[in-house]
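The values are calculated or read from the model by the stated rules, or taken from the named source; none is laboratory data. Everything numeric here is computed off the predicted structure, so don't read it as measured data. Counting neighbours? That spans all protein chains shown, and the Cβs are built from the backbone with ideal geometry, glycine included. Just the protein is used for accessible areas: all its heavy atoms, side chains included, with ligands, DNA and RNA removed. Shrake-Rupley method; radii C 1.70, N 1.55, O 1.52, S 1.80 Å.
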Amino acid sequence: MTNILTSLASKGDAKYGNRIALTQRVADNKWAPTEWHSLHTQVDNAAAALEILGICEQDHIGIFSNNRAEVIVTDLAAYANRAIPVSIYSTSSKEQVEYIVRDADIALLVVGDQSHYDIARNVAKSYNRLRQIITIDEAVKDPDDDTTITFAQLLELGSHASAECRNEVARRSAAASPDDVATLIYTSGTTGEPKGAILPHSAFDAAIAIHEKRLTMLSENDTSLCFLPLSHIFEKAWTYFCLYSGIIVNINSDPHIIQRAIKEVRPTCMCSVPRFWEKVYTAIDEKLSTTKGFKKWIFNRAIKVGRRRNLQYARMGVKAPWWTEMQYKFFFKKVFRPLQRVIGVENGNIFPTAGAPLSANITEFLQACGINILIGYGLSETTATVSCFPQTGYEIGSIGTVLPGIEVRIGDENEIQVKAPTVMRGYHNKPEATAEAFTADGWFRTGDAGYLTPDGALVLTERIKDLFKTSNGKYIAPQAIESRLGEDKYIDQVAVIGDRRKYVTAIIIPAFEALKEYAQRKKIAYKSIEELVRNADIRRMIEERIEKLQKEFAGFEKVKKFTLLPNAFTMESGELTNTLKIRRPVINRRYAREIEAMYV
């Protein structure tokens, strides 16, 4: 049987023809469509051009770009040649790009804009095995560069390919095997250098089949917004699944305008990380805080009814009592539907969310509002999803039930361990790391701690490497505290500290715009952000809010002191990974003085 990804474009064309496969945002409220027939033609031409440029079976092709339709075309063209596409985060530094190019021995690199091209050119000067650069943006150029071609020129080259060339590509496609490597997914590297997880085609074939069994609520009538980077396994696997299922994929190339893009597309589904929904929640909470009187009473009443109807009854697959259903329909029309429309999710079916914990409080709130958040869990090494909420019977606070065809057990230190056809083959060029990643009897070690409930739900408790112990011998799971504090509208980022310390502290990045509005409302004068975060009234306000947020934690878990910083953690500074996870060693080292001051 042909690999699903190898034949995705041709089978999609045969089934859907002139139906839209994907769109791409080209201007405000303007999305350029690509029909299945056109996508198939582009993939065929790109595949032929890659063969002409000397790409052989099992060669690695790099893709260093923000989300673009051309990224998908390149992936599928590589598969047609039995080559291996390797996606690099568009926010990666020159050092990160060079590391991956060298580690994967990339011969050809597709880049997005001028910044990507400039980095690629620098890498090519120090690594001569990178012999070809292809630019998606046609305006990108260097007067001294006579070897780089544009993606349009690549397609043009392929359109004039000889019959011999096309026959060779066809031979390669026909020889494709489930054992072939589909891609290397480089982990973001919260500690140490990134590792390239080797994912064979069989892993994607299995993942798609497994998701078909679980996500039965989706159909060809759905439409997805491609928001997370296509270099992230969550978005990559989700996009493949959508295309395979006939779901239109709308590609947003700029994550900074996601709130605008979601209102333009109004998708029925979209995978995202919890931070997106945390910001949605804080925006609603902030709006509610300024609402008074009858309007506030109506909203609170609507949430109460929504919780009862959606969490007590609909969640369990049980019909709600007549009076509850009538009230919900009223509040849905008057409160929830307008709220969903403001966000852009009024057509919502499911919204898969993974990558980090989303608090039970926010999950319940969104479900009460009729926004179907589907919490899941997975890793690069497991071709994304291991578990997710079932359609009914899901447990709030869990990461869902294990998908069919996947096995999970709880090992030493309560580690979640996985055995499945979706698990990686190992790490590229890293035999020692590969050996460490598996138990002696062949189970993949996720590095995450958790437990299975009596009803079969999987609960994630902490990242084992993040878990630390205070000097008093108490174990602390920092992510749980960070997730809870992150619910607050005045807090944007949190790094919890306390390893071998007397008590827990935190480095906090405030939500600066919300903080400025508070200062204006309270007539707090300041000349700079630095002065604002040092203000005693601001600190007192944040301290009071932290205390309320922590009321459910044990005393030893609570943040006793905190430091407000005037600048956000960023990927560019190395404080965040490309998937926006905190790099704790970097933060501990960079803010050592501020940390020590909290223990004086």
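Here are a few things to note about the model shown:
- Some residue of segment 219-240 being of a type in the set (Lys, Arg) and over 24 Å from ILE84 (Cβ atoms): no
- Taking the criterion of being open to solvent by less than 40 Å² (accessible area, probe 1.4 Å), of a type outside the set (Phe, Trp, Tyr) and over 20 Å from the mean Cα position of the chain (by Cα), the residues of segment 75-96 that qualify are LEU76, ALA77, ALA78, ALA80, ASN81, ALA83, ILE84.
- Total residues in segment 223-244 satisfying the condition of being part of a loop (DSSP other than H, G, I, E, B) and either open to solvent by 20 Å² or more (accessible area, probe 1.4 Å) or within 23 Å of LYS263 (Cβ to Cβ) (or both): the figure is 5.
- Residue within segment 530-541 that is in contact (Cβ under 8 Å) with a residue 40 or more places away in the chain and part of a strand (DSSP E or B) present: no
- Among residues of segment 488-517, those that are over 21 Å from PHE276 (Cβ atoms), open to solvent by 20 Å² or more (accessible area, probe 1.4 Å) and either in a strand (DSSP E or B) or of a type outside the set (Asp, Glu) (or both), counted: 5
- Qualifying residues in segment 355-373 (those that are open to solvent by 10 Å² or more (accessible area, probe 1.4 Å) and hydrophobic (A, V, I, L, M, F, W, C)) - the one farthest from ASN310 (Cα to Cα): ALA356
- Every residue from segment 185-237 that is farther than 26 Å from LYS465 by Cβ, polar (S, T, N, Q) and touching a Lys or Arg at 6+ places or on another chain (Cβ under 6 Å): none
- Picking from residues in segment 314-329 that are of a type in the set (A, V, I, L, M) and in a helix (DSSP H, G or I), the one that is least open to solvent (accessible area, probe 1.4 Å) is ALA314.
- Some residue of segment 267-286 being more than 16 Å from the chain's Cα centre (by Cα), open to solvent by 30 Å² or more (accessible area, probe 1.4 Å) and basic (Lys, Arg): no
- Every condition in (1) on the phi > 0 side of the Ramachandran plot; (2) without any contact (Cβ under 8 Å) to a residue 40 or more places away in the chain holds for ALA78 except the one numbered (1).
- Answer residue from segment 374-392, given it is within 16 Å of ALA457 (Cα to Cα) and among the aliphatic types (A, V, I, L, M) and is surrounded by the fewest Cβ atoms within 10 Å (Cβ to Cβ) among those: LEU374
- Qualifying residue in segment 352-372 (condition: of a type in the set (Val, Ile, Thr) and either in contact with a Leu (Cβ under 6 Å, 6 or more places away or on another chain) or closer than 30 Å to ASP105 by Cβ (or both)): no
- Residue in segment 330-349 that is at pLDDT below 95, buried (at least 17 other Cβ atoms within 10 Å of the Cβ) and hydrophobic (A, V, I, L, M, F, W, C) present: no
- When SER289 is tested against (1) at pLDDT 95 or above; (2) among the hydroxyl-bearing types (Ser, Thr, Tyr); (3) exposed (fewer than 13 other Cβ atoms within 10 Å of the Cβ), exactly one condition is not met: (1).
- Within the option set LEU576, LEU549, LEU564, LEU515, being hydrophobic (A, V, I, L, M, F, W, C) and at pLDDT 95 or above holds for one residue only, LEU564.
- Residues (in contact (Cβ under 8 Å) with a residue 60 or more places away in the chain and farther than 21 Å from TYR599 by Cβ) located in segment 553-568: ALA568
- Residue list for segment 393-437, restricted to those being crowded, with 19+ Cβ neighbours inside 10 Å, of a type in the set (S, T, N, Q) and more than 15 Å from THR383 (Cβ to Cβ): SER398, THR401, GLN417
Residue-wise test of (1) without any contact (Cβ under 8 Å) to a residue 24 or more places away in the chain; (2) among the acidic types (Asp, Glu); (3) crowded, with 18+ Cβ neighbours inside 10 Å; (4) assigned to a helix (DSSP H, G or I).
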{"position": "LEU22", "(1), (2), (3), (4)": "no, no, yes, no"}
{"position": "HIS37", "(1), (2), (3), (4)": "no, no, no, yes"}
{"position": "ASP44", "(1), (2), (3), (4)": "no, yes, yes, yes"}
{"position": "ALA47", "(1), (2), (3), (4)": "no, no, yes, yes"}
{"position": "ILE55", "(1), (2), (3), (4)": "no, no, yes, no"}
{"position": "ILE61", "(1), (2), (3), (4)": "no, no, yes, no"}
{"position": "ASN66", "(1), (2), (3), (4)": "no, no, yes, no"}
{"position": "VAL73", "(1), (2), (3), (4)": "no, no, yes, yes"}
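- Among strands (runs of 3 or more DSSP E) entirely within segment 111-222, having at least 2 residues that are open to solvent by 20 Å² or more (accessible area, probe 1.4 Å) singles out no element at all.
- Every residue from segment 542-559 that is open to solvent by 80 Å² or more (accessible area, probe 1.4 Å) and either more than 18 Å from TYR490 (Cα to Cα) or assigned to a loop (DSSP other than H, G, I, E, B) (or both): LYS551, GLU552, PHE556
- Here is the figure for segment 438-458: residues that are assigned to a strand (DSSP E or B), under 16 Å from GLY400 (Cα atoms), modelled with pLDDT under 95 and open to solvent by 10 Å² or more (accessible area, probe 1.4 Å) total 1.
- The set of residues in segment 268-313 being without any contact (Cβ under 8 Å) to a residue 12 or more places away in the chain, in contact with a Phe, Trp or Tyr (Cβ under 9 Å, 6 or more places away or on another chain) and part of a helix (DSSP H, G or I) consists of LEU288 alone.
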